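Below is one structure, written out as structure tokens, with a few remarks after it.
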Amino acid sequence: MYIDQQQYQSALFWADKVASLSHEDPRDVYWLAQCLYLTAQYHRAAHAIRSRKLDKIDEACRYLAARCHYAAKEYQQALDILDMEEPINVHLFEKHFKHDSGSKGISTDLQMSDSSIQSSICLLRGKIYDALDNRTLATENYKEALEIDVYCFEAFDLLTAHHMLTAQEEKELLESLPLKKECSEDDQELLRFLFENKLKKYNKPSGTFIPESIGGLQENLDVVVSLAERQYYNCDFKMCYKLTSVVMEKDPFHANCLPVHIGTLVELNKANEVFYLSHKLVDLYPNNPVSWFAVGCYYLMVGHKNEHARRYLSKATTLERTYGPAWIAYGHSFAVESEHDQAMAAYFTAAQLMKGCHLPMLYIGLEYGLTNNSKLAERFFSQALSIAPEDPFVMHEVGVVAFQNGDWKTSEKWFLDALEKIKAIGNEVTVDKWEPLLNNLGHVCRKLKKYEDALEYHRQALVLIPQNASTYSAIGYIHSLMGNFESAIDYFHTALGLRRDDTFSVTMLGHCIEMYIGDSDAYIGTEIKDKLRCYDFDVHTMKSLKNIISPPWEEREFDFERQTLDESGIMALEISSHQPKTTDTQPPPQVDETFEIEMNESDMMLETTMSDSGT
């Protein structure tokens, strides 16, 4: 009764007296140890059980003794208790003990089934291996716990939250669970839906649907958080923010919602909200890693505070070494300063702790790409692709490597595959996160001389981010290759208006003006044109007329001091008209591909920048 009322000291006092009055009946000793555990007296609780050898008689006592040592961070002793071999006569002793006491055993008395106890033991063993950094054995024990008891959600949550399995392995695990044998039909559908909601959401864009039979869960906060997380990884941050705000209003400290909410605030650049939330979390939950993760994210947002960000993110990883988002953000803090080696060290640590997560591999590949090591970048992108073969971010980066290697066809294939995955959740691409993908599709189509397709992709990119100088200069470049020098000049002017120090646009603008001048007829005056419009002159007559009106440069004398800027422009156009021309109709001159001035790929081949914050 006192345990139910959370009066543990009162419960402990009376449990001790009852154990003495009953001459240390095993059930009363178990409750005494339970009360000691609840009052954080772990060594006393373990001693109460082990000194009476109850851990060798009953599974529930063995589990409680091991849990006491685990709580005291004595992992090896806890493991020894769980893995100890039973003596030969233990079953005889247990049978004799039950016969004398007239009891069915502590486990039966506590209404705990054998399967639930065995599942709990496997779960605890997995936690111990996890604490000992043996992730492989931890994974096996979590799986075993789930197979014994499909309702053991903690085991499933640890497998998914700590990224111990790849997306494919998670699906295989869910399919292998004996749901039909242990659950009713309604429970099967409920369990399958709830477990599927915990599976990886960032390996590919997709939607979430709630079955009608369990429609009552639509308002459940865990389900809403799952929907928000799906929107986050679909890069629909505004919708994600709406959903997480609803959850935070109902439950301000929802554990699963906090990392997603913080990541969304970072993406939407809401620094004030992150500041307020992080201070509140640090005050209330100083021992929770998500509190210091929030502080680190704030300092990453404000800029030039990366050293402070690393300090707090490091504290988060100290509190919980397997906290993935903090390791990813820690690597980002180095990456923004171009400290590639230290960023990769953080990402490598994350990769070791998150075996089933492809994001660390993706970021390592990005860092190698930035250091112009395309071979290693390609290797890590391939590893990321093997873990998440349908992630458009990885496909995009593989396409970038192919582009840098000059393999335009392969690059186009990867870019189009990525675009197809994005469009799987909607007919149109409306999220500005995918603007680099559309621009890069434009670049690769330009390389393949698909100029119209390239222009279309760049125009789509302009819809997502209208004021991007690189996009305007790319469109101008394509127009120059097509011989549309007038349009090219307009776009290069626009690009320079947005970024004055764009060297490529300055160079190409000068080149296009020269080509445009060479392509234009001389200006002979409006009045003369009108008067001559009624006559039908051949080409030679027109050239002679132009020479009369505008004689060659060497036959004319100018007072340069009195010449205005506009007049000099006209003269330049007139002089260019004396170049020899043929009477055949020719297409407008195009920029020779061999003379093609390549764009600065660091400007034009944009990178994807993902926040994860890796939630």
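The values are calculated or read from the model by the stated rules, or taken from the named source; none is laboratory data. Values in this document were obtained by computation on a predicted structure and should not be read as measured data. Every residue, glycine among them, receives a Cβ derived from its backbone with ideal geometry; neighbour counts consider all protein chains shown. Keep in mind that these areas ignore ligands, DNA and RNA; they rest on the heavy atoms of the full protein, side chains included. Shrake-Rupley method; radii C 1.70, N 1.55, O 1.52, S 1.80 Å.
Numbers for the structure displayed
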| item | result |
| --- | --- |
| Net charge, A65 excluded, C-beta distance under 9 Å - Lys, Arg +1, Asp, Glu -1 | +2 |
| Summed residue charge, Cβ within 12 Å of D236's Cβ, Lys/Arg positive, Asp/Glu negative | +1 |
| Exposure ranking of K171, K375 by accessible area [1.4 Å probe, largest first] | K375, K171 |
| Accessible solvent surface per residue of the stretch 193-346, calculated while the other protein chains remain in place, 1.4 angstrom probe, Å² | 47 |
| Alpha-carbon centroid distance for the pair the stretch 7-27 / the stretch 277-296, whole angstrom | 40 |
| For the stretch 112-206: rounded, prolate or oblate by the Cα gyration tensor [a/c cutoff 1.5] | oblate |
| The stretch 253-355: C-alpha gyration tensor shape, a/c 1.5 cut-off, then a/b vs b/c | oblate |
| Which listed pairs, of K280/K315; K127/K355; K238/K315, have C-alpha distances above 20 Å, in listed order | K238/K315 |
| Relative contact order of the stretch 308-399, defined on C-alpha pairs under 8 angstrom at six or more residues apart (%) | 19 |
| Sites matching GluC sites (Glu not before Pro) across the stretch 325-428 that sit in DSSP coil, with at most 13 neighbouring C-beta atoms within 10 Å | E337, E428 |
| At R0 = 51 Å, FRET efficiency that the Cβ-Cβ distance of H308 and Y451 yields, to 0.05 | 0.60 |
| Accessible surface, 1.4 Å probe, highest first, among residues T507, T39 | T507, T39 |
| Dipole magnitude (debye, nearest 20) for the stretch 234-287, charges at Cβ of Lys, Arg, Asp, Glu | 80 |
| Efficiency of FRET between H43 and L217 - r from beta-carbon atoms, R0 56 angstrom, step 0.05 | 0.85 |
| Neighbourhood charge, 14 Å Cβ-Cβ cut-off, centred on D187 and excluding it, Lys, Arg +1 and Asp, Glu -1 | -2 |
| Solvent exposure ordering (accessible area, 1.4 Å, most first) of S374, S473 | S374, S473 |
| Selection from H47, I57, C68 lying farthest towards where the dipole of the stretch 35-75 points positive, charges on Cβ | H47 |
| Cross-link pairs beyond the 23 Å C-alpha cut-off, checked among K413/K447; K242/K270; K171/K413; K143/K171 | K171/K413 |
| Rounded to the nearest 10 Å², the accessible area of L194 at probe 1.4 Å | 70 |
| Heavy atoms of L498 accessible to a 1.4 Å probe, total area in Å² rounded to 10 | 70 |
